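Read the structure below first, then the notes.
What follows draws every value from the coordinates through simple rules; no lab data is involved. Here the structure is a predicted model, which means the values were calculated and not measured. Every residue, glycine among them, receives a Cβ derived from its backbone with ideal geometry; neighbour counts consider all protein chains shown.
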Number of protein chains: 2
Amino acid sequence: MRRRLQQAALELFGERGYELTTAAEIAAKAGVTERTFFRHFADKREVLFDGETALSDILNSALREAPAELGPWDALFRAFEAAERLFVENRSFAEPRHRLIERSPALQERALAKTRSLIAGLASALRERGVPDHAAMLAAQMGMAALGHAVACWFDDGSSGLGDHLAQAFRKVRDLSASSPGIG
Amino acid sequence: MRRRLQQAALELFGERGYELTTAAEIAAKAGVTERTFFRHFADKREVLFDGETALSDILNSALREAPAELGPWDALFRAFEAAERLFVENRSFAEPRHRLIERSPALQERALAKTRSLIAGLASALRERGVPDHAAMLAAQMGMAALGHAVACWFDDGSSGLGDHLAQAFRKVRDLSASSPGIG
DNA sequence: ATGTTATTGTCAGTGACTGACATTATCTGT
DNA sequence: ACAGATAATGTCAGTCACTGACAATAACAT
């Protein structure tokens, strides 16, 4: 049922756009009532954000299983490497979805919130590895920024694999932050 | 009028919380109609997010005026230094507002969106300095993460100034990303 | 005083979302 | 196959965010 609703929503959003599609229409297309729609999804946006637990699970377990002697930055890199498969497999599904989100501020807000909760999960896993509170959040945000950068470059330039772009992104973060402001 | 509405909203949100306060109540407390409220603010959340242009302006002009030979990381540091005053002066107003936002997912989403548009502005200013497209976004995100970290530490430990925390945050980013994943 | 313009009030309407309760599957043990 | 429990769905009424259209009023220039 959830799948049917998600499918109907994707198609309608694709045709009329997110704001011009009512929840009742989605429900009707799926053959149910509007009320049923809101029993499956907390709100209209949520119908597009449902596969995110998989990524979170992979990242968290990868962080837990990473060698204890690894620092947060290397641990994050390993975690993202472990999630590479997920991105590659979902690419064809993720791209149209991304275009939808781009066109609607409301959806962008929700996407940001989802990313934020992913970051919070990463930070929490880093804290369990002994990283201090705020530093864990900082590292998680840096890592997520690097991941996003890698994915963006990967979308632009498919000739290299996501893994290559990821390693490059991590290097870029190091190089960008290499100078010492406040000293010079 | 905007001020009156914002003031009324702040008080009501403080008493009953954001979700339990209706736009009509805010308007009534300010002595106007609900319709007038929505003429001044695009939506109910926006009443709490209105002073953000000041920060954006300072950062952008600081980035434009920074010496051209400075790399993105140092330029960002200078920009944040230029905005320090703004944070110090608004601290007493920002703290209760922050507590309100923390308590409401809807407000958190909006706050994230505002931060995002700030980051986008930074990235755009960096591009004008010659930083390539995606790298500009990456650097802007890193900088914003550092700034957020500095502010968080500053809230926790007021004994040092925000400037000190900022320099420390930028150092932390460098140190965290210093290792070379994929090599070891 | 008169015309202009910006701000507000009024009203009717749409659409997201919720609570309460009835109805209908779906499943379980016998 | 049957009765009873459990879960998913339908129905309905209602609240609230938000919008468009138009009237009323205030502020201001001429």
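Do the conditions hold for A:Arg45, that is, is it away from DNA strand D (no atom under 12 Å from the Cβ), within 14 Å of another protein chain (Cβ to nearest Cβ) and surrounded by 13 or more Cβ atoms within 10 Å (Cβ to Cβ)? Lay out the reasoning, then the answer.
Values: away from DNA strand D (no atom under 12 Å from the Cβ): yes; within 14 Å of another protein chain (Cβ to nearest Cβ): yes; surrounded by 13 or more Cβ atoms within 10 Å (Cβ to Cβ): yes.
So A:Arg45 fits the description; yes.
Out of everything in the range A:3-38 that is basic (Lys, Arg) and surrounded by 12 or more Cβ atoms within 10 Å (Cβ to Cβ), what residue ends up being farthest from DNA strand D (Cβ to nearest atom)?
Going through the range A:3-38, the residues basic (Lys, Arg) turn out to be A:3-4, A:16, A:29, A:35.
The next check asks that each one be surrounded by 12 or more Cβ atoms within 10 Å (Cβ to Cβ); those that pass are A:4, A:16, A:29.
Numbers: A:Arg4: 9, A:Arg16: 16, A:Lys29: 12 Å.
Top of the filtered list is A:Arg16.
Return only the number of the condition from (1) within 11 Å of another protein chain (Cβ to nearest Cβ); (2) surrounded by fewer than 18 Cβ atoms within 10 Å (Cβ to Cβ) that B:Ala146 does not satisfy.
(2)
State all residues of the range A:93-109 that are within 18 Å of A:Glu15 (Cβ to Cβ) and within 14 Å of another protein chain (Cβ to nearest Cβ); if no residue qualifies, say none.
Residues satisfying the conditions are A:Ile101, A:Glu102, A:Ser104, A:Ala106, A:Leu107.
Which ranges mark the helices (runs of 4 or more DSSP H) fully within the range B:1-84 that have 2 or more residues being within 27 Å of A:Glu109 (Cα to Cα) and without any contact (Cβ under 8 Å) to a residue 24 or more places away in the chain? Before the answer, list the steps.
Values: elements: B:2-16, B:23-30, B:34-40, B:52-65, B:72-82.
Ranges flagged: B:2-16, B:23-30, B:34-40, B:52-65.
Which condition from (1) surrounded by fewer than 21 Cβ atoms within 10 Å (Cβ to Cβ); (2) free of Cβ contacts under 8 Å to residues at least 40 places away in the same chain is the one that A:Leu118 breaks?
If we test A:Leu118 against (1) surrounded by fewer than 21 Cβ atoms within 10 Å (Cβ to Cβ); (2) free of Cβ contacts under 8 Å to residues at least 40 places away in the same chain, just (2) comes out false.
List the residue pairs whose Cβ atoms are under 8 Å apart, where the first residue sits in the range A:92-109 and is of a type in the set (S, T, N, Q), the second is part of a helix (DSSP H, G or I) and buried (at least 17 other Cβ atoms within 10 Å of the Cβ), and the two are 6 or more positions apart or on different chains.
A:Gln108/A:Ile101; A:Gln108/B:Ala113; A:Gln108/B:Arg116
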